[in-house]
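Single-structure report; data block below.
The values are calculated or read from the model by the stated rules, or taken from the named source; none is laboratory data. Everything quoted here is computed from the prediction, not taken from an experiment. All Cβ positions, even for glycine, are placed from backbone atoms using ideal geometry, and neighbour counts span all protein chains on display. Quick note on the areas: whole protein, heavy atoms, side chains included, nothing else; ligands and nucleic acids left out. Shrake-Rupley method; radii C 1.70, N 1.55, O 1.52, S 1.80 Å.
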Amino acid sequence: MIGAALGAVFGAAAEIINSAIPGNAAVAQPQAYALVGMAATLASVCSVPLTSVLLLFELTKDSRILLPIMVIFSPELV
């Protein structure tokens, strides 16, 4: 719940910033940020990154969400 809430807040902030700048297109819908935040929190708390990627894919059935969630678990970013 915490990860989804933080992701939704980040998505809403990104939506407001993108609408304030003329000609700037949104990268993703705010709901996608909530889903990625939920999966990232699940992976970090339970130490199951692959399971959270597969769970998110099962929930959405959308392959476009896989890249953002895999970038979160990249060892170079940690």
Exercise for the section: Restricting attention to region 38-63, report how many residues are part of a helix (DSSP H, G or I), farther than 17 Å from GLY7 by Cα and open to solvent by 90 Å² or more (accessible area, probe 1.4 Å). Expected result: 3
Handout entry: Single residue of region 7-22 satisfying the filter (part of a helix (DSSP H, G or I) and free of Cβ contacts under 8 Å to residues at least 12 places away in the same chain) that is nearest to the chain's Cα centre (by Cα)
Key = VAL9
Exercise for the section: Looking only at region 33-53, decide whether some residue is in contact (Cβ under 8 Å) with a residue 24 or more places away in the chain and over 22 Å from VAL9 (Cβ atoms). Expected result: yes
Practice task
Please work out if ASN24 is surrounded by 11 or more Cβ atoms within 10 Å (Cβ to Cβ) and at pLDDT below 80.
Solution key: no
